[in-house]
1. Since residue A:18 meets every condition but one in (1) away from chain B (no Cβ under 14 Å); (2) of a type in the set (Val, Ile, Thr); (3) farther than 19 Å from residue A:177 by Cβ, which condition does it not meet?
2. Look through the range B:164-203, keep the residues that are under 14 Å from residue B:309 (Cα atoms) and of a type in the set (Ser, Thr, Tyr), and return whichever of them is nearest to the other protein chains (Cβ to nearest Cβ).
3. Any idea which residue in the range B:31-86 is surrounded by the fewest Cβ atoms within 10 Å (Cβ to Cβ), counting only those that are under 25 Å from residue B:222 (Cβ atoms) and acidic (Asp, Glu)?
4. Return the total of residues in the range A:210-227 being outside any helix (DSSP H, G or I) and in contact with a helix residue (DSSP H, G or I) (Cβ under 8 Å, 6 or more places away or on another chain).
5. Of all residues in the range A:182-214 being of a type in the set (D, E, K, R) and free of Cβ contacts under 8 Å to residues at least 12 places away in the same chain, which is nearest to residue A:16 (Cα to Cα)?
6. Between a residue in the range A:95-118 that is more than 14 Å from chain B (Cβ to nearest Cβ) and over 20 Å from residue A:147 (Cα atoms) and any residue that is surrounded by fewer than 24 Cβ atoms within 10 Å (Cβ to Cβ) and polar (S, T, N, Q), which pairs come within a Cβ distance under 6 Å, given they are 6 or more apart or on different chains?
7. Could you list all residues from the range B:262-287 that are crowded, with 24+ Cβ neighbours inside 10 Å, part of a loop (DSSP other than H, G, I, E, B) and within 14 Å of another protein chain (Cβ to nearest Cβ)?
Amino acid sequence: MSRIKGAFENKKAFIGFVTGGDPTLDKSLEFILSMVEAGADLIEIGIPFSDPIAEGPVIQEANIRALAVNTDTESIFRLVTMVREKSEVPLVLLTYVNPVFKYGYERFFARCKEAGVDGIIMPDLPYEEKGELADIAEVHGIDVISLIAPTSNARIQMIAKEAKGFLYVVSSMGVTGVRQEISVNLDEILPQIRAVSDIPAAVGFGVSTPEQAERIAATADGVIVGSAIVRIIEKYGMDAAKPLYDYVKSMKDAISRA
Amino acid sequence: MDQEKKGRYGIHGGQYVPETLMNELIILEQQYEHFKKDPEFIKEFEFLLKEYAGRPSLLYYAEKMTKDLGGAKIYLKREDLNHTGAHKINNVLGQVLLAKKMGKTRVIAETGAGQHGVATATAAALLGLECEIFMGKEDTERQSLNVYRMELLGAKVHSVTSGTQTLKDAVNEAMREWTTRVDDTHYVLGSVMGPHPFPMIVRDFQSVISEEAREQILEKEGKLPSAVLACVGGGSNAIGAFYHFIPDKEVALIGCEAAGHGVHTEKNAATIANGSLGIFHGMKSYFCQNEDGQIAPVYSISAGLDYPGIGPEHANLHDTGRATYVPVTDEEAVCAFEYLARTEGIICAIESAHAVAYAQKLAPTMKKDDIMIICLSGRGDKDVAAIARYRGRKIDE
């Protein structure tokens, strides 16, 4: 079984996101391990990008902080290697297509495999353009994660049929960031996915509270949290490991109740 | 063209956007394909271009400049005489009319110098749509007059404080806003860039420039020009000026990029000279970026050319050799700005002055029976204070 599949095996998955290198690479390692200890089932690591058009202000700022300490693509691979020495947690990179393109698709996915990356999410690589790199990623055993948005409608099944790893269901219109209301209608979307694929579906964008997480996990296979985690890192900086542990634990407990 | 159906220009173009926008781009393409053949739409659009924007724009023989430079016969395509003072209105009238036909009630747009923002606010006021403009904070300060203009026209102007606080960041923020609200909102992209179908739609609306120029020059001179020059940022006036000349292989097409302090300095925006292949703002094309694919902060005295990429059709014209792209520095552009004012009594936009500057170099090397057309993309009132500052004179705007 792939590590990503394992994250959803007989449980609802909690997926946590950090921007690699925010505030430093060593701290990212510490934070990731702390989240894993608290029960995170899968970790997304952001490769910082100068112009993250799918991100709201919180993660934009994290990108700026990480780039300010010269975090580059190669340092994210070093971070992955360091995590792998300590943990078998599934690791999915999140970045924009340009840093991957510039690194060179073949070289990038070979390096992913070598370091121990399991998948990648690129918010600006929709279904129509994934032919750009899907074959190369597959050769190296890296899952290119597909996204489904509130506007996907007739596109849901087309996307789900070819999806790898897990499906990232975008809960709301707009960019990443904490929201009061999560508007996604899972009762409408999930049956459409289930009709064509048994791939796990995890919901992200806007999720921050245990109540939201519990409610989503009642139907979805996993809950993805980014901005709320990055806000803790923004607030506590170098000392974020403990608050992250507490937060992830509360979220994981809520999801397990679902 | 099969290539174009997929929104590709050679290897360039495509639709690299979040899934949230894909459905809207597909609808936009379908609606555009429908309305561009709709007689009612065509009639309304042509009426607006003629009666509101003031088209056709003049093709003016610059006799003094021609004699002074002593080479090719120089014509200026006077987009600066359009309503709102630049070529931007051609695209904006088309897109805002299209948005209205699509049932949208609100338009958003990015702007650098403010010209596209002013044009969008103008068209929105005329056609009765709500309008919000995204503009880098640095640009709102450099071009405060245009901010007030947009507000006068009823638009709300958002000052963008992320990233480099210039045009690139204004595009980011407009895209973010569009993913938040697509149902009632059309994003009026201002240049031949972004995801398909924008490079095609904007080019089609701007191609009126070369459609007119080609007819006008044949009528005046009975032959085609040897060269067509235009400034290039994203490249909308340039593609407009080139488009109907592309099949005429004997016509050299020359795009003039902003080299800022020089292509070998860190302060420039010359994408073809310094950029490399990448994927950004929805398209594959050339971008100024570092080896990790981080988009570079770019610089030009001209806010309208201060963009780290170039439209995908230009990237392909460069690849195929059909068009040539040359760098022009701030200093050369400012000198050309002053030269055109003194020689022809025309104060052109600092963007357009980049094309005039290269014409000053090129024309003397050409034969007297050669013809050159320079696209004068906009008027220069907006730049007067900045040029004065460049020359060490402080004047209030």
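1. So residue A:18 meets the others, but not (3).
2. B:166
3. Here the residue is B:63.
4. Qualifying residue count, the range A:210-227: 6.
5. Filtering the range A:182-214 for residues that are of a type in the set (D, E, K, R) and free of Cβ contacts under 8 Å to residues at least 12 places away in the same chain, the one nearest to residue A:16 (Cα to Cα) comes out as A:198.
6. Sorted first by the residue in the range A:95-118, then by its partner, the pairs are A:115/A:81.
7. If the condition is that a residue be crowded, with 24+ Cβ neighbours inside 10 Å, part of a loop (DSSP other than H, G, I, E, B) and within 14 Å of another protein chain (Cβ to nearest Cβ), then B:281 is the only one that fits.
This table checks each residue for (1) more than 19 Å from residue B:165 (Cα to Cα); (2) within 14 Å of chain A (Cβ to nearest Cβ); (3) free of Cβ contacts under 8 Å to residues at least 60 places away in the same chain.
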{"position": "B:294", "(1), (2), (3)": "no, yes, yes"}
{"position": "B:303", "(1), (2), (3)": "no, no, no"}
{"position": "B:321", "(1), (2), (3)": "yes, no, yes"}
{"position": "B:337", "(1), (2), (3)": "yes, no, yes"}
{"position": "B:342", "(1), (2), (3)": "yes, no, yes"}
{"position": "B:348", "(1), (2), (3)": "yes, no, no"}
{"position": "B:352", "(1), (2), (3)": "yes, no, no"}
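The values are calculated or read from the model by the stated rules, or taken from the named source; none is laboratory data. What you see is a predicted model; the values in this text were computed from it and never measured. When we count neighbours, we look across all protein chains shown, and the Cβ atoms used for this are built from the backbone with ideal geometry, even at glycine.
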